[in-house]
């Protein structure tokens, strides 16, 4: 696989993952549900194991995933907060019913 192909594939995967952020925010009741540190650690353990199996550098894999997960958590927290504001807006008020 060329670098360009790998970059394109990675970009598409990030886009797909990002599309799930808005959907997931709607299912989570609190910001703690969004952060889900135990779930983050489960994902990290899984991808580090996969990296080892594939012969990839597990340290780099862990760092990349932690950065990616952190960025998506921030995005999801923003989306979650916006959904909470919409839910609290009185009927007919700006932002209500969006």
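The values are calculated or read from the model by the stated rules, or taken from the named source; none is laboratory data. Everything numeric in this text was worked out from a predicted model, so none of it was measured. Because the Cβ atoms are built from the backbone with ideal geometry, glycine has one as well, and the counts that use them run over all protein chains shown.
The residue that is surrounded by the fewest Cβ atoms within 10 Å (Cβ to Cβ), among those in region 34-50 that are under 22 Å from residue 82 (Cα atoms) and in contact with a helix residue (DSSP H, G or I) (Cβ under 8 Å, 6 or more places away or on another chain), is 35. Of all the listed residues (67, 49), the sole one being under 13 Å from the mean Cα position of the chain (by Cα), assigned to a helix (DSSP H, G or I) and at pLDDT 95 or above is 67. Scanning region 12-27 for residues that are at pLDDT 85 or above and more than 11 Å from the chain's Cα centre (by Cα) yields 12, 13.
For region 51-71, the tally of residues that are out of contact with any helix residue (DSSP H, G or I) (no Cβ under 8 Å at 6 or more places or on another chain) and under 17 Å from residue 13 (Cα atoms) stands at 4.
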